[in-house]
Every structure is written in C-alpha cells, then in structure tokens.
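K.L.:
My questions will all concern the structure given below.
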Amino acid sequence: MQTESRAHSLTLILGGARSGKSAHAEEVASASGRPVLYVATATALDDEMRERIGRHRAARPPEWQTFEAPLKVGAALVAHAKNLSGHVVLLDCITLLVSNVLLALPEDASAAPAMQHVEAEIEALLEARDRLEGQWLMVSNEVGLGLVPPYPLGRLFRDTLGWANQRLARAADKVVFMVAGIPMVVK
C-alpha cells in the first residue's frame, strides 16, 4: 500500500462507483504514519448528501484535519496551508470537483468554456501540489467504461472528467485502478 515518498509524490486512485477507491486511499494515508489533510470536494445539495457527508466526517480518524473546498481547490489550499511537507494530502474526489465546476457554469455554457474551467481547476491543483509538497492521494471515478450518456451535460461531464483523469495520470507517480475493492497498479 505504500506510495512514493518524495516531496511532491502523487498517486491517482481510479475506479467505478463503490469500487473501494476512497477506502483504499484512506488505508494508504493511515498506513503512512504521517499527518493527514483530508480535502473534501462534496457539497450538500440535498438531505441524502448531507447524511452521506456526515457519515464520512464521523468515520475519519479524529487526528485527521479536514479541509472542505468544492471549487478552486488548488488556490484555497495554497491560501490556507503554509507547508504540507511530511503530510499526506488526500483529495476525495476529482469527480465531484469536476461536477462542481460544470454546475457553476451558466446552463447554456458550451463545451469549450467548460473544458477551460476544468483545465484551470486541475492545473491549479497540480501547481498547489508542487508548491505545498506532501504525499498526495487523489481519488476519481473512471467513467469511460460505460455507455455514452443520452444528454449533453452527461456527455460533457464524461468528457471533462476523462480529460482531468488523463491529465492527473500523466502527472502522477503512481496510478491505481480499483475493481471490487482490489487495487491494481497501472502506473
């Protein structure tokens, strides 16, 4: 379960819904023996999501610090975290971050500006990783294995998240693909 230990290491953990991505990331963070900064991107838009977020908060070890940032995560981390050297930064998840970016755009936004906003978010996140050091774990859904969504926003989401995952995988030192709770190292 060990990841790279250099100052700017990045492990991307991908998988489908309920594949064990978050649990694996949390196991890696716990096993590191380092202080953990848990970066949450979820927003509570309804009662079910509020309950889900509450369960996740309660399940985290009490010594873990939680940082909630649904948008502009990289900039928020740089503004609030002075030095994460020696820490594990667990970001859960890129999927919700991309969703947040798309939902913040006007309804009539086309694919080009949507992609520009997602690109800016991901690049700012990678810049934060470089500036703040630490062992970074990022969790994201792999949505490219399913059917083509039948509506424009679904296709835009799939395309922008697919791009974000590819960009992060290129930057990552290690990429893990989760299937039924089993981690498979693909990079």
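The values are calculated or read from the model by the stated rules, or taken from the named source; none is laboratory data. What you see is a predicted model, and the numbers here were worked out from it, not measured in a lab. In this analysis, Cβ positions are derived from the backbone assuming ideal geometry, glycine residues included, and neighbour counts consider all displayed protein chains. These accessible areas exclude ligands, DNA and RNA; they are computed on the full protein's heavy atoms, side chains included. Shrake-Rupley method; radii C 1.70, N 1.55, O 1.52, S 1.80 Å.
K.L.:
Closer than 19 Å to Arg18 by Cβ and either among the aliphatic types (A, V, I, L, M) or open to solvent by less than 50 Å² (accessible area, probe 1.4 Å) (or both), is that true of Val185? Walk me through how you get there before you give the answer.
P.N.:
Details: closer than 19 Å to Arg18 by Cβ: no; either among the aliphatic types (A, V, I, L, M) or open to solvent by less than 50 Å² (accessible area, probe 1.4 Å) (or both): yes.
Considered against the rule, which asks whether it is closer than 19 Å to Arg18 by Cβ and either among the aliphatic types (A, V, I, L, M) or open to solvent by less than 50 Å² (accessible area, probe 1.4 Å) (or both), Val185 comes out as no.
K.L.:
Do we have Gly54 as open to solvent by less than 70 Å² (accessible area, probe 1.4 Å) and under 27 Å from Leu145 (Cβ atoms) here?
P.N.:
no
K.L.:
Return the pair list, or none, for Cβ contacts closer than 9 Å from residues in the stretch 153-182 that are in contact (Cβ under 8 Å) with a residue 60 or more places away in the chain to residues that are in a helix (DSSP H, G or I) and of a type in the set (Lys, Arg), at least 6 apart or on different chains.
P.N.:
Ala171/Arg129; Val176/Lys21; Met178/Lys21
K.L.:
Continuing with this model, one more query. So which of Leu103, Leu96, Leu84, Leu37 is under 18 Å from Asn141 (Cβ atoms) and in contact (Cβ under 8 Å) with a residue 24 or more places away in the chain?
P.N.:
Exactly one of Leu103, Leu96, Leu84, Leu37 is under 18 Å from Asn141 (Cβ atoms) and in contact (Cβ under 8 Å) with a residue 24 or more places away in the chain, namely Leu96.
K.L.:
Oh, and also: Val73: crowded, with 16+ Cβ neighbours inside 10 Å, closer than 15 Å to Leu161 by Cα and touching a residue at least 24 places away in the same chain (Cβ under 8 Å), yes or no?
P.N.:
Considered against the rule, which asks whether it is crowded, with 16+ Cβ neighbours inside 10 Å, closer than 15 Å to Leu161 by Cα and touching a residue at least 24 places away in the same chain (Cβ under 8 Å), Val73 comes out as no.
K.L.:
Exactly one condition in (1) under 26 Å from Gln166 (Cβ atoms); (2) buried (at least 16 other Cβ atoms within 10 Å of the Cβ); (3) modelled with pLDDT under 95 is false for Ala81; which is it?
P.N.:
That leaves (1) as the condition not met.
K.L.:
Scanning for something farther than 25 Å from Phe177 by Cβ and open to solvent by 60 Å² or more (accessible area, probe 1.4 Å), does the stretch 36-46 turn up at least one residue?
P.N.:
yes
K.L.:
Collect the residues in the stretch 124-143 that are within 13 Å of the chain's Cα centre (by Cα) and of a type in the set (D, E, K, R), keeping them in residue-number order.
P.N.:
Correct list: Arg129, Glu142.
K.L.:
Just wondering, is there one or more residues in the stretch 166-174 that are part of a strand (DSSP E or B), closer than 13 Å to Gly15 by Cβ and open to solvent by less than 60 Å² (accessible area, probe 1.4 Å)?
P.N.:
no
K.L.:
When you look at Leu132, is it open to solvent by less than 20 Å² (accessible area, probe 1.4 Å), aliphatic (A, V, I, L, M), under 24 Å from His56 (Cβ atoms) and at pLDDT below 95, yes or no?
P.N.:
It is true that Leu132 is open to solvent by less than 20 Å² (accessible area, probe 1.4 Å), aliphatic (A, V, I, L, M), under 24 Å from His56 (Cβ atoms) and at pLDDT below 95.
K.L.:
Confirm whether Arg155 is under 16 Å from Lys72 (Cβ atoms) and open to solvent by 10 Å² or more (accessible area, probe 1.4 Å).
P.N.:
On the way: under 16 Å from Lys72 (Cβ atoms): no; open to solvent by 10 Å² or more (accessible area, probe 1.4 Å): yes.
In short, no.
K.L.:
Return the residue satisfying two criteria in turn: it lies in the stretch 3-35 and is among the polar types (S, T, N, Q) and assigned to a loop (DSSP other than H, G, I, E, B), and of such residues it is most open to solvent (accessible area, probe 1.4 Å).
P.N.:
Residues of the stretch 3-35 among the polar types (S, T, N, Q): 3, 5, 9, 11, 19, 22, 30, 32.
Remaining after also requiring assigned to a loop (DSSP other than H, G, I, E, B): 3, 5, 9, 19.
On the way: Thr3: 20, Ser5: 88, Ser9: 0, Ser19: 8 Å².
Taking the candidates together, the pick is Ser5.
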